[in-house]
Structures are given as structure tokens and as C-alpha cells.
Amino acid sequence: MEVRKKNIFFLIFFLICGILWFHNWHRLYRVFVKKLRPLNETFDAPFAVGCKNVAYEANTYPRMNATFMVLTRNSDLDGVLSSMKSIEKRFNQHFNYPYVFLNDESFTDEFKEAVQKVTQSKVQFGILGQELWDFPSTVDQDFIDEAIAEQVGIVYANMPSYHKMCRFFSKQFYKHPLIQQYEWYWRLEPDVSFSCDISYDPFYYMQKYNKVYGFVIAIKELAETVPNLFRYTIAHKKAVNLETTDFWRFFLNDDYDKHIQTLKEKQKYDQVFVLPEPPLEQIDGEIYNLCHFWSNFEIARLDFYRSKEYNDYMNALEEAGGFWTERWGDAPVHSLAVGLLLNRSQVHYFRDLGYQHSTIQHCAQDLGCNCDCPLTVPEIEPRLGSCINRWAEVMGGYLDE
């Protein structure tokens, strides 16, 4: 009898623990995960800390002329539905922004019917014509095929469709007729998840605070994918005499310069400085640190991409041929363009959002609203390869230093 009572007691105890875990497990994230370091907010601050009154936000402020944009294939339907359910639950059920789906072939009826069941918002479907999707007809196709085939051992680099996708996102997407009707866009990918509620309209607050480009994850690119991108970027910067913005240094590795300054300080009483040769990757005194904004999530003003300055840069990159002779991704291309053309006050870090793509996650923790970030995926900010320390340096530093 006593044994039975003990078994019942333990059963009830574990049942209560399970119920408490189910309802409060997201709060335990704060216990097991190191808190985000406080950032200087002089040039950029979260649009919200914690939850806003979402009903008030949705009913008080005007909707922007904005859309979600999803480039996808019919075979990605399950991943698309997963992403849509996540963003609808966390945000769009309250704000009802439309969706534009793009594909290089016609969407099936099954695809169209399935995505329209997930949202009450307007949904449009577009096909990419050859002029937007294919490589330029002015370049020999055999040369392009050979250049791509030779890129063995670099992730996705020997896939022509991947090169076309990167080129499309870099210099073509904003030219599509369905996108041309909008002033803002939010890129949405299949198989992403949002782990915090978004209780305000990011488009509205971007407009309010004069932001042009917003990101949630900043990491380093694989060096072998962009061996000459920075070289051509610097060449263009000089050719059109672009003034250096106060955000450009986010993309620069200044370790060599700091090392030189340290050596000069140590040798200041010597008659001759003994200094090392500059690194081979240094171009006009600057070294690309490979930082870029992970463009599978980005919210941006479309007039930035439509500007003459941006398209002049795209034309220079197209002429260089790196979209097929190398594996230039749209993420470093967009990012370097941001560095060339925008000041730091025009760039926004959506630090109060929770977002996961593949094995990389940012969790807003205390900054966010009703976050339930998975414990199995580490926070990207403090990890090797993250660029948030550089962001902090450019934006005024951490407040706990």
C-alpha cells in the first residue's frame, strides 16, 4: 500500500512538473542561456522591448505599401507553409500584409490553394521571365557553363540554378512587376521560424525612424565564395567617386592597422620602424572582414534597390562576371551595397525578434515578446563567425564594457 502511494505521489509530481514545463519552458531559456549584452543605442535601438499592445498598434497606425516576397518552387510547399504559419501566428494575423510568390515556372493549383488557406491576406503569384532569371544573353553560355562547372568543392557553386538565384536576388527581384507596386518588402524563405511575437509593424517603425535596411543575423561569408567581390567593389567605389559612409568600416578588418599602431607605439623612440608587410588581401589599404547580413531575412525600402547608385554598382558587378565565374551570394552583395550607400543610422538590427534558419538562430530573450526559442539551437551573437561584435563597435560599443 505504501509503495502504491509513493508511486501515485511521484506520478502526480512528474505530471505537475510536466504541466509547468509545458506552460513555462520558454522562460527557462533565460536561465540556461547567457543574456544578450546591452548595446549602445545612439544610432539604432529596438523598436520595442517586450510586448506592445498589438491591437492598439494594428488599429492605430497606417499600413505601409509593403509585401512579403517569397521566391520558391512548387516542391518547397511544405517549407513555405511552415514559414507562413509561423509569421502569421507571430505577426501577420494582426497586420494582414500581402504576399508575393515568385517562381521560374508556373505554380501548381495545389500550391496556390494551400498557401491561400494559411492567410487572410492578399496573395499574388508571379513567374520569372528569362530577362529576370537567366544569365545575360551578351555573355557566351558555354563560357558560363564551363566557369560554373569548374567551381568544385565550394558549397552550391557548381549549380547553375544557385548562381541564377543569387544574381536574381542581387539585381533583379525589385524589377518584377508584382514587386514594383510596393515601397517596402520583407523577404521570407521556406523552412524558417519566428520564435517571438512581433507586436508592432516593422514597416511602420522603419519609416518612422528613417531606416532603410533591416536585418536580424550578421555573420561571416565563406571566403572561397567571394575571392574578388571586394576588389571589384573597391574599384567601383573609386570609379564613381563614392564618399565613404560612417557605416563602411563595419565591413573592414582593421586588425592589421591596430597591429601597426601597437608596433609604432612600442618603437616610437627608435630611429626606424620595423613593420610587417601588409596582407595580400589588402586592397587600397582596406581588407574585407567577410561580414554580411544574412539576407534570407531582410526588410528594406525598395527605392534603395531602385536607386541609380545601387544599379550602377550592380552593373559594375555584372560586368565583372562574378555571378557566374565565382559564387557571389546576394547576402554579401546587398551588405556591401548597404555599406557603400547608407549611414549607420539608416540600418536597423531587429534584435527584439526571434528567428531561425537551418542551424542558425537569434533569440531576442528579454528584449522580445513571448519568446519561446529552442534550447537546442545556440544563440548566434556570441558564436565564432558572428559579426555582432563588429556591429557593436561601429554603433558605439557594448554598455557593459
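Inside the range 29-81, residues that are touching a Ser or Thr at 6+ places or on another chain (Cβ under 7 Å) and open to solvent by 40 Å² or more (accessible area, probe 1.4 Å) make up a count of 3. Scanning the range 326-363 for residues that are surrounded by 23 or more Cβ atoms within 10 Å (Cβ to Cβ), out of contact with any Asp or Glu (no Cβ under 9 Å at 6 or more places or on another chain) and of a type in the set (S, T, Y) gives a single hit, Y355. Taken over the range 155-167, residues that are part of a loop (DSSP other than H, G, I, E, B), among the aliphatic types (A, V, I, L, M) and surrounded by 13 or more Cβ atoms within 10 Å (Cβ to Cβ) amount to 2. Within the range 168-204, being open to solvent by 10 Å² or more (accessible area, probe 1.4 Å) and part of a helix (DSSP H, G or I) holds for K171, K175, P177, L178, Q180, Y204.
Search the range 145-154 for residues being part of a helix (DSSP H, G or I) and surrounded by 14 or more Cβ atoms within 10 Å (Cβ to Cβ), and hand back the single one that is nearest to the chain's Cα centre (by Cα). Please lay out each step first, then the result.
If we filter the range 145-154 for residues that are part of a helix (DSSP H, G or I), which is where we start, we get 145-149.
Subsequent filtering for residues that are surrounded by 14 or more Cβ atoms within 10 Å (Cβ to Cβ) retains 147-148.
Working: A147: 28, I148: 25 Å.
Ranking the qualifying residues of the range 145-154, first place goes to I148.
All of (1) closer than 26 Å to R383 by Cα; (2) not in a loop (DSSP other than H, G, I, E, B) hold for P46 with one exception: (2).
Out of everything in the range 125-144 that is among the charged types (D, E, K, R) and under 29 Å from the mean Cα position of the chain (by Cα), what residue ends up being surrounded by the fewest Cβ atoms within 10 Å (Cβ to Cβ)?
Step one: list which residues in the range 125-144 are among the charged types (D, E, K, R), which gives 131, 134, 140, 142.
From what is left, the residues that are under 29 Å from the mean Cα position of the chain (by Cα) are 131, 134.
Numbers: E131: 10, D134: 16.
Filtering first and then ranking leaves E131.
Taken over the range 96-114, the criterion of being surrounded by fewer than 21 Cβ atoms within 10 Å (Cβ to Cβ) and more than 16 Å from R187 (Cα to Cα) is satisfied by D104, E105, S106, F107, T108, D109, E110, K112, E113, A114.
The values are calculated or read from the model by the stated rules, or taken from the named source; none is laboratory data. Given the structure is predicted, the values throughout are model-derived calculations rather than measurements. Neighbour counts run over all protein chains shown; Cβ positions are idealised from the backbone, glycine included. We work out accessible area using only protein heavy atoms, side chains counted, and drop any ligands, DNA or RNA first. Shrake-Rupley method; radii C 1.70, N 1.55, O 1.52, S 1.80 Å.
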